[in-house]
Amino acid sequence: MTQTYPIQTLNAISPVGLQRLDRDIFDLGTDIPEPRGILLRSADLHSAPIPDSLYAVARAGAGTNNIPVSEMASRGIPVFNTPGANANAVKELVIAGMLLAARNLYHAADYTRGLVAEQELTGAELDKQVEAGKKQFAGYELPGKTLGVIGLGAIGVLVANAAQSLGLKVLGYDPAITVERAWQLSPTWSR
């Protein structure tokens with residue numbers, strides 16, 4: 001029988017990531033009494049007891065602010081994270097937020113829901129009220145607007161490039177930008 005390594009998961013971890021851990025080698029679960037490893041996203045380990053059996057901590061996320069890194073280091077326990085793993089998802093949320101705000105989509109949808117729910121309008125009357133009210137939600141187009149991006153790491157570079165491709169003038173600031181990230185910036189990016 002092969003020895004397995006018990007890994008305690010403190011948050012819901014993506015099944016895609018968990019599939020990378022061979023179940024013949026790793027025993028995964030939330031109720032692991034003496035884990036060799038802890039896998040987490042946002043759980044706060046600062047006030048949690050650290051089991052003597054622990055060999056490593058891995059965070060499915062960019063930072064380690066929820067992990068007492070100094071304490072782990074003093075005990076010889078390495079801490080890993082996954083910088084950039086969720087960068088595209090965050091970029092999409094940033095762009096979605098910009099579009100929602102610029103085009104007043106939330107308020108327009110709320111207005112339309114109100115016509116249906118409160119005034120119980122349907123059909124041609126609903127179409128007439130939507131047409132009459134839509135001007136107040138016109139918003140503005142993004143091309144030509146300026147976006148400031150503070151921090152040009154994995155997420156910032158993706159946001160900057162996506163915004164630039166949407167026609168925005170992009171201004172970026174990062175006193176610690178790496179050469180790798182600088183090369184990832186779109187060559188037509190506004191400087």
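Key figures
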read-out	value
When residues of the stretch 107-134 are limited to those that are within 33 Å of the chain's Cα centre (by Cα) and without any contact (Cβ under 8 Å) to a residue 24 or more places away in the chain, the one nearest to LEU168 (Cα to Cα)	ALA109
Candidate set: the stretch 1-57, residues that are over 27 Å from the mean Cα position of the chain (by Cα) and among the aliphatic types (A, V, I, L, M); chosen: the one farthest from PRO83 (Cα to Cα)	MET1
Test: residue in the stretch 57-79 that is exposed (fewer than 13 other Cβ atoms within 10 Å of the Cβ) and touching a strand residue (DSSP E or B) at 6+ places or on another chain (Cβ under 7 Å)	yes
Candidate set from the stretch 159-177 (those that are of a type outside the set (Gly, Ala, Ser), in a loop (DSSP other than H, G, I, E, B) and over 21 Å from the mean Cα position of the chain (by Cα)); member that is farthest from VAL94 (Cα to Cα)	PRO175
For LEU54: the one exception among (1) surrounded by fewer than 16 Cβ atoms within 10 Å (Cβ to Cβ); (2) part of a loop (DSSP other than H, G, I, E, B); (3) in contact with a strand residue (DSSP E or B) (Cβ under 8 Å, 6 or more places away or on another chain); (4) at pLDDT 95 or above	(1)
Count of residues meeting criterion [loosely packed, with under 13 Cβ neighbours inside 10 Å and in contact (Cβ under 8 Å) with a residue 24 or more places away in the chain] in the stretch 165-177	2
Residue list for the stretch 147-162, restricted to those being of a type in the set (A, V, I, L, M, F, W, C) and under 15 Å from ALA85 (Cα atoms)	ALA154, ILE155, VAL157, LEU158, VAL159
Subset of the stretch 7-28 (residues that are surrounded by 12 or more Cβ atoms within 10 Å (Cβ to Cβ) and without any contact (Cβ under 8 Å) to a residue 40 or more places away in the chain)	ILE7, GLN8, THR9, LEU10, LEU18, LEU21, PHE26, ASP27, LEU28
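Here is a yes/no grid of residues against (1) touching a helix residue (DSSP H, G or I) at 6+ places or on another chain (Cβ under 8 Å); (2) among the hydrophobic types (A, V, I, L, M, F, W, C); (3) modelled with pLDDT of 90 or more:
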{"site": "VAL90", "(1), (2), (3)": "yes, yes, yes"}
{"site": "ALA96", "(1), (2), (3)": "no, yes, yes"}
{"site": "ALA102", "(1), (2), (3)": "no, yes, yes"}
{"site": "LEU115", "(1), (2), (3)": "yes, yes, no"}
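The values are calculated or read from the model by the stated rules, or taken from the named source; none is laboratory data. Since we're looking at a predicted model, the values are computed, not measured. Heads up, the Cβs are rebuilt from the backbone with ideal geometry, glycines too, and the neighbour counts pull from every protein chain shown.
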